[in-house]
Amino acid sequence: MNGGERFDVVVIGAGSSGAVIAARASEDGRRSVLLIEAGPDYQRLDETPFDLVNGHNNSYTAHDWGLSYQPTAAGRPAAFPRGRVTGGSSAVNTCIALRGMPEDYDGWAALGNPEWAWDKVLPAFKRLERDLDFGDRDYHGNSGPITIRRHPWDELTPVHQAWLEAADELGYPRCDDANDPDAWGAGPHPMNKSGRLRVSTAIGYLAPARARPNLTIRANTTTRRLIVESGRVVGVEVETDGQIELVRGRLFVLSAGAIQSPAILLRSGIGPRNEVGRHGIDLVSHVPGVGQNLCDHPALAAVAIVRDPSILDLDQPVVQTILRYTANGSDQRNDLQVEVFSFSPRGGAGLNSFAIAGVLEQSYGRGTLRLSSARPDAAPLIEQRFCEDPRDAARLAQAFRDALAFLSTRAMSGIVERVIFPAAGRPLTDETLQELLLKLSASGYHPCGTVKMGPREDPMAVVNQLGRAHFADRLVVADASIMPSVPRANTNLTSIMIGEKVGEWLRTRPAEYGL
């Protein structure tokens, strides 16, 4: 492949978006598609390691990039898990299959991206899913590649059952389908699981596409940089087993995710002039928005010791339920979540505790991503700067207090022995809680926005609404990095939806992409 074979479409990154794009684009048998993945590829389910199959809990280390991030100025650096395998983070995550609010996508459209309005993205959400519970409703799909179901009551752990009863006690309405566009309240999470099996994009999309002769998957291959000549991307420099090669193509689709996509652009000399220059990289194009606009969901969790540790089991699903609601005085519907985790490592020796997190789902604050080095194997510097915006801090403070309220209910008193965080006697005034948030807020692991889409008139937009780069021909970016803002949901399903839309455009509107 050293500059020899030339592919019609080269997709960089086989994650939540990239695997979908490669699968959809290769449906046109006339076009050759190459899918490049930095991690391994497991072609058969019976050869897939258990950490990827096990949808009851995340895979934290075996198929991870080993990244870290700085959540707040006063906080400690922490691990930032991201999937390094075909399927990307969809292959290692918690299997939460939330869509977000219609207002999220209408907000993207209002920024100059009309193709991403709610009525335009809903068909893609329906196309990707096989909803086993509500597939007959007009806002759901019932025949897509991603199976979605909800744990019924008799499958819930004792912690989740008590939590739902506590939600009733606190006056929150029951919500059977958190993907109902008009709903709010507490209920079971929609999850892309079939029993224990995590239905990733590797399983849902790549597995049935592998037999196509026009689709090539190249795993264990690091993307070093893009090659740009006369304002046009003509190749991608990759490395496999220490061997550096050049892959040529007609169109390049960068789908390496909200962390790696901007890092690849920066290593290619594309980004803010000062950031590129400080690493000795030749500037190809000054694009101020690359690595900026980092969005995520800040969270803070309370931890409680249980009366009877036998109700906890590491083999239980770690997440099963969700509360979605609106902060006091907020004009952003369902901008808060409270979520309970079946167990927590915070209790000390032995498995004896669980956690309840308050989560801010619609955030105003923005972070940055920069290079630590020009080396392709060097982890980027990720700074979130959570809760520096007072609007975010005030609403997350409410979510944390609301999470704590669950632990004082009659419904949960039967399983809770005592709360260990926050410590008993710690004053939770507005001032002390703000200090706590600025020190301990942590990521929901939903980074996006670092290669923002928008019209050319937006100085921070990197790509247009079709994902086409403003600064170079024959380059598309399509993954969580192009989201202008984080949706009010875990971002996996939205990333798959992005892959569906761009993959379909490549197949049905090829002239838009020069094919």
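Per-structure values
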item: Scan of segment 1-55 for residues that are over 23 Å from the mean Cα position of the chain (by Cα) and within 13 Å of Gly503 (Cβ to Cβ), ordered by number; result: Val9, Ser26, Glu27, Asp28, Arg31, Val33
item: The one condition in (1) in a strand (DSSP E or B); (2) at positive phi; (3) not aromatic (Phe, Trp, Tyr) that Gly112 fails to fulfil; result: (1)
item: Pair list, Cβ under 7 Å, 6 or more apart: segment 26-48 residue outside any loop (DSSP other than H, G, I, E, B), other residue among the charged types (D, E, K, R) and modelled with pLDDT under 95; result: none
item: Single unsatisfied condition, Thr216 versus (1) of a type in the set (Val, Ile, Thr); (2) farther than 24 Å from Gly499 by Cα; (3) in a strand (DSSP E or B); result: (2)
item: Within segment 271-390, strands (runs of 3 or more DSSP E) holding 1 or more residues that are closer than 30 Å to Met412 by Cα and either of a type in the set (A, V, I, L, M, F, W, C) or modelled with pLDDT under 95 (or both); result: 298-306, 321-325, 336-341, 353-360
item: Close pairs (6 angstrom Cβ cut-off, 6 or more residues apart or separate chains): in a helix (DSSP H, G or I) in segment 493-510, polar (S, T, N, Q) anywhere; result: Ser495/Ser16; Ser495/Ser17; Ile496/Ser16; Ile498/Ser17; Gly499/Ser17
item: Subset of segment 72-99 (residues that are among the hydrophobic types (A, V, I, L, M, F, W, C), assigned to a loop (DSSP other than H, G, I, E, B) and more than 28 Å from Ala393 (Cα to Cα)); result: Val85, Val92
item: Residue count for segment 398-435, restricted to those that are of a type in the set (A, V, I, L, M, F, W, C) and in contact with a helix residue (DSSP H, G or I) (Cβ under 8 Å, 6 or more places away or on another chain); result: 10
item: Those residues of segment 207-236 which are under 26 Å from the mean Cα position of the chain (by Cα), under 20 Å from Ala478 (Cα atoms) and not aliphatic (A, V, I, L, M), in sequence order; result: Thr216, Arg218, Thr221, Thr222, Thr223, Arg224, Arg225
item: Any hit, segment 458-476, residues being acidic (Asp, Glu), more than 23 Å from Ala22 (Cα to Cα) and in contact (Cβ under 8 Å) with a residue 40 or more places away in the chain; result: yes
item: Failed item, numbered, when Gly75 is tested on (1) under 22 Å from Pro376 (Cα atoms); (2) touching a residue at least 12 places away in the same chain (Cβ under 8 Å); result: (1)
item: Cβ-Cβ under 6 Å pairs, at least 6 apart or on other chains, segment 294-313 side more than 20 Å from Ile420 (Cα to Cα), far side buried (at least 24 other Cβ atoms within 10 Å of the Cβ) and of a type in the set (Phe, Trp, Tyr); result: Pro298/Phe386
item: Residue under evaluation Val359, criteria (1) surrounded by fewer than 22 Cβ atoms within 10 Å (Cβ to Cβ); (2) in contact with a His (Cβ under 6 Å, 6 or more places away or on another chain), criterion not met; result: (1)
item: The one condition in (1) outside any helix (DSSP H, G or I); (2) at pLDDT 95 or above that Ala424 fails to fulfil; result: (2)
item: Tally, over segment 123-169, of residues that are within 23 Å of Leu206 (Cβ to Cβ), part of a helix (DSSP H, G or I) and touching a strand residue (DSSP E or B) at 6+ places or on another chain (Cβ under 6 Å); result: 1
item: Flag for Ala62 being exposed (fewer than 14 other Cβ atoms within 10 Å of the Cβ), assigned to a loop (DSSP other than H, G, I, E, B), out of contact with any strand residue (DSSP E or B) (no Cβ under 7 Å at 6 or more places or on another chain) and at pLDDT below 95; result: no
item: Condition met for Gly414 (farther than 30 Å from Pro158 by Cβ and either crowded, with 20+ Cβ neighbours inside 10 Å or not hydroxyl-bearing (Ser, Thr, Tyr) (or both)); result: no
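This table checks each residue for (1) surrounded by fewer than 24 Cβ atoms within 10 Å (Cβ to Cβ); (2) modelled with pLDDT under 95; (3) touching a His at 6+ places or on another chain (Cβ under 7 Å); (4) closer than 29 Å to Thr508 by Cβ.
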site: Gly13; (1), (2), (3), (4): no, no, no, yes
site: Ser32; (1), (2), (3), (4): yes, no, no, yes
site: Glu37; (1), (2), (3), (4): no, no, no, yes
site: Asn54; (1), (2), (3), (4): yes, no, no, no
site: Asn58; (1), (2), (3), (4): yes, no, no, no
site: Ala79; (1), (2), (3), (4): yes, no, no, no
site: Thr86; (1), (2), (3), (4): no, no, no, yes
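The values are calculated or read from the model by the stated rules, or taken from the named source; none is laboratory data. Owing to the predicted nature of the structure, the values given are computational and were not obtained by experimental measurement. When we count neighbours, we look across all protein chains shown, and the Cβ atoms used for this are built from the backbone with ideal geometry, even at glycine.
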